[in-house]
Amino acid sequence: MNPKTPLDPSPPSSDPHARLAAARAAHWQATRRLTFVLMALWLCTGFGTVFFARELSHFTVFGWPLSFYMAAQGASLVSLVVIVFYAWRMRRLDRLHPDAAREAA
């Protein structure tokens with residue numbers, strides 16, 4: 001009888017090298033996905049607000065057109081939030097995959 005279920009994420013092999021490779025692959029996949037999502041958000045706020053400035057000027061934030069607000073403050077604040085979120089999330093990913101993080105250091 002095999003005690004492992006199909007939902008068990010651990011590799012079936014007891015080989016430590018296989019487990020390390022699986023941990024590295026999972027860590028790298030999560031890192032790439034997070035980086036892609038945050039870079040897309042950064043691109044949308046940085047480039048998108050400039051590209052759609054005329055359309056965004058119809059909306060106001062604190063009495064200013066949204067395009068002006070995003071150019072003056074919003075894009076910088078979004079970049080700061082992206083950096084803080086990336087650092088926080090990567091710390092959690094490194095805790096979830098300690099073998100991969102230790103090997104990378």
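Modelled label positions at Arg95 and Leu20, each set 7 Å beyond Cα in the direction of Cβ, lie 2.5 nm from each other. With neighbour counts taken as other beta-carbon atoms within 10 Å, the residues Arg24, Arg91 rank, fewest first, as Arg91, Arg24. The ellipsoid that matches the Cα gyration tensor of the stretch 26-104 has semi-axes, each √(5λ) in whole angstrom, of 35, 12, 7, with the longest given first.
Every number in this text was worked out from the coordinates using simple rules, so none of it is lab data. All values derive from a computational prediction rather than experimental measurement. Here Cβ is always computed from backbone atoms with ideal geometry, including for glycine, and neighbour counts include all displayed protein chains.
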